[in-house]
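To start, the structure under review is shown below, and the notes come after it.
The values are calculated or read from the model by the stated rules, or taken from the named source; none is laboratory data. Given the structure is predicted, the values throughout are model-derived calculations rather than measurements. Every residue, glycine as well, gets a Cβ built from its backbone with ideal geometry; the counts of neighbours run over all protein chains shown. Keep in mind that these areas ignore ligands, DNA and RNA; they rest on the heavy atoms of the full protein, side chains included. Shrake-Rupley method; radii C 1.70, N 1.55, O 1.52, S 1.80 Å.
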Amino acid sequence: MSGTLTGSKVRWGVLLAVTALVLAAAGIYAVGAYQRFEESQAAASSVGVTAGQPLPTAPFVLFRNTASGQGYGNAATVPLSAPGGTRAVSEQECDRVYGTADTVVCLKTNRGLVTAFEAAVMNRDWQIQRSWPVPGIPSRTRVSADGSMIATTVFVTGHSYATSGFSTASEISLPGGTTGNLEDFALMVNGERLVATDRNIWGVTFAPGQSDVFYATAASSGRIWLVRGSLSAKTLTAIHDQVECPSISPDGTRIAYKKNDGGGLVAHWKVAVLDLASGQETVLSEKRSVDDQIEWLDNRNLLYGLADDAVEGDSNIWQLGTEPGSQPSLFIAHAWSPSVVR
């Protein structure tokens, strides 16, 4: 019996020693990783930057800076006339950003002992005016042209629209409060209310000049629709199939979006444009998979972000014309989440 007890003690001692070594190694790695991150943040930026400036006079492009070095991950701007020029980098870290001439909305991850997620609204001097917690990983945000309505989409479960079983939460914040989760709106398909509980709503875009109207993507039971939303009626009405992350044109006549042509197992998103009056869809010639909510540069050109395959954590913003056969061109290197402020 004593031999058995001794053997057990030895095994427990070995296990505890191994566990202690693993925890120590993990701690050393974490400290080293944090130090490397701090060093990279303090390093000189790989692009030309200035700091400490308010929002410029419109027109300009607001985006997330992904150039290595100081200011990585922070909201930044460039003049619309010189997208490749020196960028003004703020001190605000954002995962996703969008704005107007006077308002910036930033979805961010606050890392600590407990990771939390937040939406923050800033004025043109980058001062936070209000903020509120969001229930998951930042994904999409949009602001109405007058700055009065703010839409947020986050992943409650899953990290990608390409992942089966993902779940989103989308809300619209108004001056007097929020609408609550858009999944609580009545979803109308072919004139009937869809009562299924497995629904996701994401990718809100606000119709210019129509304070009650927005568009979004709705999904349920394996089907996906473009929906027209009404804030006053709290309804979402399906108007077209297979539209994800819609973005309405400045003149309000067309919707740009990503369209999955890769099947259910491996998503591959093409860039497409829908004419709202005629219902005609045009699939554009970008061959890479675009997992982004597209932004309109103007009524004839689109912007979207793509990860840089050569550098982890980096991305670039590309431009694509809406005419069939148009080819993509680099618009802003080392950037993500474009917002064109006119």
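Points to keep in mind about this one:
- Three-way shape label, region 237-320, alpha-carbon gyration tensor, a/c 1.5: oblate
- Each of the peptides 191-204, 66-79 was scored by the mean count of other Cβ atoms within 10 Å over its residues; in descending order, highest first, they stand as 66-79, 191-204.
- Here the Karplus curve 6.51 cos²θ - 1.76 cosθ + 1.60, taken at θ = phi - 60°, turns the phi angles of region 76-88 into couplings of 8, 9, 9, x, 4, 6, 9, x, x, x, 4, 9, 8 Hz, with x standing for Gly and Pro.
- Looking at region 45-128, the trypsin sites (Lys or Arg not before Pro) that sit in a DSSP loop and have at most 10 other Cβ atoms within 10 Å of their own Cβ are Arg111.
- Highest-first arrangement of 327-333, 168-174, where packing means the average Cβ count within 10 Å: 168-174, 327-333
- Tilt relative to the chain, helix 2-42 - C-alpha long axis, 0 to 90 degrees, to 10: 40 degrees
- Net charge, Asn301 excluded, C-beta distance under 14 Å - Lys, Arg +1, Asp, Glu -1: -2
- Rounded, prolate or oblate (a/c below 1.5 giving rounded, otherwise prolate when a/b exceeds b/c) for region 113-237 by Cα gyration tensor: oblate
- Ratio of Rg to Rh over region 90-149 (Cα coordinates, Kirkwood Rh, two decimals): 0.96
- Where a label projected 7 Å from the Cα of Leu80 along Cα→Cβ would reach, residues of region 47-61 with amide N under 11 Å: 58-61
- Per residue, the chain exposes 48 Å² of solvent-accessible protein surface, assessed with a 1.4 angstrom probe and all protein chains in place.
- Extension gain for His159-Leu265 works out to 36.6 nm (0.36 nm per residue, less the C-alpha to C-alpha distance).
- Beta bridges per DSSP with both ends in the chain, % antiparallel, nearest 5: 95 percent
- Here the label points at Ser221 and Ser285, each 7 Å from Cα along the C-beta direction, are separated by 4.1 nm in the simple model.
- Calculated from backbone phi, Karplus (6.51, -1.76, 1.60) coupling profile of region 336-342 in Hz, x at Gly/Pro: 7, 6, x, 9, 8, 9, 9
- Three-way shape call for region 130-198 based on the alpha-carbon gyration tensor, with the a/c threshold at 1.5: oblate
- Per-residue SASA entry for Asp291, accessible area with 1.4 Å probe, Å² rounded to 10: 50 Å²
- For Leu187, the solvent-accessible surface computed with a 1.4 Å probe is close to 0 Å², ligands and nucleic acids excluded.
- Solvent-accessible area assigned to carbon and sulfur over the chain amounts to 56 percent, based on a 1.4 Å probe.
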